[in-house]
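Notes for the one structure printed next.
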Amino acid sequence: MSSQRAKHQDVSALSLGLPLALFLCGSVTIAGQLGYFERNERLEVDDLVESVTIPASSFTYRADGEFYKNGFAVDGPIVNARFARPLTVMKYQVSEGEYGRCVKDAKCVPILAAHVHGADFPATGISYDDAVRYARWLSDKTGEVWTLPTHEEIAFAAGSRFPDDALGVDANSRNPALRWLADYERETRRKADANPVPRRRGTFGENEHGLADFAGNVWEWTSTCHRRVELAGPEWSQESIACGIYVTVGQHRSPMSSFVRDPKSGGCAVGTPPSNLGFRLVRDDRWYAGLLSRLRHSGITS
């Protein structure tokens, strides 16, 4: 009996141990594929990023996208939102000097000569794709997860300097001439006020969060896809999303194709194009952010 009991215990241990060994082996293999065992020279975060952390709070902003009601273009609705956790944001837009480190590591595309102004100027002539490459490089260098902000995150970060694109025309009006006239007057003011020459970082001052240069002459990429929304009363009845075209935010909001570096050459859906295209990043502090980032870049998930 004792020998049979011992054999039974050996079989039980084997039946438990084999699946556990296979699980551990598989986990190590997946971790290796995701790059967890790659040797990568880490740099001090403070050497690469100057950031500001905004405490969690409630805020309002005007929704992004093109909104229509009864066949007429209308202002987007006001959104009441709340961030339940703090948001860490780059104090400045990424500079030419900072971007140049990524270029030196052969992970980013060089800035064209027409957009070179100096190491302490914001990097301009930057496409959405360029910004995503830089975010991945910075994440690898620091061991943190840095991403382009969503439209809502940049609205939260910009605070009082976030643009409100509303024309103020009655949404129930069926007279298209009223909106055409208001839109014409707005675009005329924008063109008259435009000064496209980039300035040194900090030139446009800081907002109430201590973040610099919002609403300056460098529009910033977001990770939010452009959308068109049909309204039925106060409710959204239909929404079509165009990924590949992303919202940029500056003195006003403008949708741009992901590959565009020079907004004056095209790619803007409507209205006055941005003066320049640049970016700043936010840090993803969720406990699973690192794994999610590696899965995304490995192609395991989108």
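The values are calculated or read from the model by the stated rules, or taken from the named source; none is laboratory data. Keep in mind that this is a model prediction, so the values were computed, not measured. No Cβ is skipped: glycine too gets one built from the backbone with ideal geometry, and neighbour counts run over all protein chains shown. Protein only, heavy atoms only, side chains kept; ligands, DNA and RNA dropped before computing areas. Shrake-Rupley method; radii C 1.70, N 1.55, O 1.52, S 1.80 Å.
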Using packing as a proxy for protection, rank 104-115, 240-251, 137-148 so that the peptide with the highest average count of other Cβ atoms within 10 Å comes first. 137-148, 240-251, 104-115
Considering amide H positions built from the backbone, and no H for Pro or chain starts, which residues 5 or more places from THR88, or on another chain, come under 5 Å of its amide H? ILE54, ARG283
Amide H contacts under 5 Å for THR224, placed H, 5+ residues apart: HIS151, VAL247
Between ALA106 and VAL197, what is 0.36 nm times their sequence separation minus the Cα-Cα distance? Round to one decimal in nm. 30.0 nm
Return one whole number: the accessible area per residue of the stretch 43-130 in Å², for a 1.4 Å probe. 48
Mind grabbing the base-10 log of I(q)/I(0) for the stretch 60-161 at q = 0.12 Å⁻¹? Debye formula, identical points on the C-alpha positions, no solvent, two decimal places. -0.56
Starting from the amide H of PHE67, placed 1.01 Å from N in the peptide plane, find each other amide H under 5 Å away whose residue is 5 or more places distant or on another chain. VAL74, VAL229
Taking a cut-off of 13 Å, what percent of all Cα-Cα pairs in the stretch 215-254 are separated by more than that? 59
Multiply the residue separation of LEU292 and ILE78 by 0.36 nm, subtract the distance between their alpha-carbon atoms, and state the gained length in nm to one decimal. 73.9 nm
